[in-house]
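The values are calculated or read from the model by the stated rules, or taken from the named source; none is laboratory data. Since this is a predicted model, take the numbers as computed values, not measurements. Here the Cβ positions follow ideal geometry from the backbone for every residue, glycine too, while neighbour counts run over all protein chains shown. To get the accessible areas, we keep the full protein, side chains included, count just its heavy atoms, and leave off ligands, DNA and RNA. Shrake-Rupley method; radii C 1.70, N 1.55, O 1.52, S 1.80 Å.
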Amino acid sequence: MSEYILILVSTILVNNFVLVKFLGLCPFMGVSRKLETATGMSLATTFVLTMSSICSYLANEYLLIPLGLEYLRTMTFILVIAFVVQFTEMVVHKTSPLLYQVLGIFLPLITTNCAVLGVALLNIQERHGFIESALYGFGAAVGFSMVLILFSAMRERIAVADVPEAFKGNSIALITAGLMSLAFMGFAGLVKP
Amino acid sequence: MPFINTSSPHQQNQSSVPDLMRKVLLALIPGALACLYYFGFGVLVNIVIASATALASETIMLNLRHYPVRRYLTDYSALVTAILLALALPATVPWWLTVIATSFAIVIAKQLYGGLGYNPFNPAMIGYVVALIAFPQQMTQWPVPQPGGALGLLDVLLLQLTGTLSDPAILDAVTSATPMDQIKTGIGLNRTIGEISTGALFGTVAGRGWELVNLLFLLGGLWLLWKKVINWQIPVAVLSALFFWSWMFNLYDGDLYSSPFFHLFSGGTMLCAFFIATDPVTASTTHWGRLIYGMGIGILTFIIRNWGGYPDGIAFAVILMNMAVPTIDYYTQPRVFGHQDED
């Protein structure tokens, strides 16, 4: 049990995918201008990340290893992720048009989120089992969502600040992200490797 | 009969920014004097270097932006940042470390965001964290608390300005890790709290010297509360959250977790709770928001102190909660009078 909690603490805080591992920076910068869109993106990413890390684990365990095709791993995972994203989009579209409207463009965008592929590959590298893979994906997604929502609320406030001309927009946002990453270094050592 | 028409608010607060900052500086004096008494002239040297750097970098930035220098410099906010940072730095750090930390705090954490009122992070704590991460060795060596200070004025100046001492052997004798750091190392070596705190560095409830420093910062903070410069919610929430969790864990295993009073009177607890966390710009502004913000700082401090890699988690806790302030404010907006919920 405690190792599962450690996986969650590790992925959400200590090895946060955005602020410590620097993965998934494109949606982090791209959709953080408004709190509402950030919340939508977080929900969609959480679902896709958890599903895709489960699916890629299954694909690796029951398809690639028995057939001796480990060298196709990256390509297979990209395919699996694209499939999960497309599948999610179709299901959401049919079952809940309202949610589909809220998530809108963000669903297909998740395919290009490097954190999703990163989680799938790291699961293999760290030799995670089924539950561990699912938790790792879920924790990574929760960490991503938390940081994205906090960041978007900060950006809404910075947008009305008297920032020097040369630093307006993305530059001050990147500086803020850097300072946030500095704060997250305080969690170092919480989980012993 | 003519009526005087004035628009609301009718009861106005007369205090201005320079006035508030002056009161904060006044309230810092007793604690700062205690620091000076126990840690020696290094505290004074830090304060002088940090203040000069802060004023210089603020002037340069204001000049670059073509803003009126005098008006912004005389609001004392740069001075408050510099002095809080100087009090947080160990009293033996070399001069360039103070300069780097202070200029980073003023230039990047404050002026790039547009100056006072816009900075999302507490500048002093950003400066401290930058120094802690970049120069961990210098930042964890504190002078041994000793009435009158362990080093003379000349030795301190020599050490901080040139990095050498007349007799290099003195350095090891007069500096050591803080009590909190020692507890952390001791626990790692499977010793109990009781065994570790028999050391010469420990006093009645916390580190020798540190107790009095924290007590005087507490008094200064209470004076600020009485003068209504700060709100009660944040200090109360910080201290009670820290007290509650350390008490619970101390009850659970007194050999592994220090007493709640040790946590309250060690490191920068009181300085943080009354002077740093209450910074009106970077703290939450709603009633419930302040309580959540303060409790967050208390809990994160406790977590980082006990299980994290850094000896004191105060600075990290403050900037982590600064990060959450816009979100907290967004979700704790009080209902506007006269409006109804949408459902």
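State to the nearest 20 debye the size of the charge dipole of chain B about its Cα centre, where the only charges are +1 on K and R beta carbons and -1 on D and E beta carbons. Each step should come with its number before you reach the end.
Values: 14 positive and 17 negative charges, 147 e Å.
The calculation lands at about 700 debye.
Go through the stretch B:62-105 and flag every residue whose accessible area shrinks by 30 Å² or more with all protein chains in place compared to the isolated chain (probe 1.4 Å).
Buried-area filter returns B:65.
At 1.4 Å probe size, put A:51, B:61, A:41 in order of accessible surface, largest to smallest.
Working: A:51 65, B:61 25, A:41 0 Å².
Ranking A:51, B:61, A:41 by accessible area, largest first, yields A:51, B:61, A:41.
Could you report the accessible area of residue A:121 in Å², rounded to 10, computed with a 1.4 Å probe on the protein chains as they sit in the structure?
60 Å²
Just report the Cα centroid separation between the stretch A:101-139 and the stretch B:38-97, whole Å.
46 Å
How much accessible surface does residue B:96 have with a 1.4 Å probe, in Å² rounded to 10?
Rounded to the nearest 10, that gives 90 Å².
With a 1.4 Å probe, how much accessible area is buried between chains A and B, both sides summed, in Å² to the nearest hundred?
The contact between B and A buries close to 2600 Å².
On a 0 to 90 degree scale, rounded to 10, what angle separates helix A:73-95 from the longest Cα axis of chain A?
70 degrees
Compute the separation of the alpha-carbon centres of the stretch A:1-79 and the stretch B:118-175 and state it in Å as a whole number.
Computed from Cα coordinates, the inter-centre distance equals 43 Å.
How do B:83, A:110 stack up against each other in accessible area, from largest to smallest, with a 1.4 angstrom probe?
Descending accessible area places them as B:83, A:110.
Quick check: net charge around residue B:302, other residues with Cβ under 14 Å of its Cβ, Lys/Arg +1 and Asp/Glu -1?
+1
With every protein chain left in place and a probe of 1.4 Å, what is the accessible surface of residue B:71, to the nearest 10 Å²?
Here the accessible area works out near 150 Å².
Summing Lys, Arg as +1 and Asp, Glu as -1, what charge do residues with Cβ under 12 Å from the Cβ of residue B:144 carry, residue B:144 excluded? Walk me through the numbers on the way to the answer.
Numbers: positive: B:208; negative: B:172.
Its environment carries a net charge of 0.
Let's test the formula: R0 of 41 Å, r as the Cβ-Cβ distance of residue A:112 and residue A:157. What FRET efficiency results, to the nearest 0.05?
Efficiency at R0 = 41 Å is approximately 0.90.
In terms of solvent-accessible area of protein heavy atoms at a 1.4 angstrom probe, what is the ranking of B:287, B:263, B:66, highest value first?
B:66, B:287, B:263
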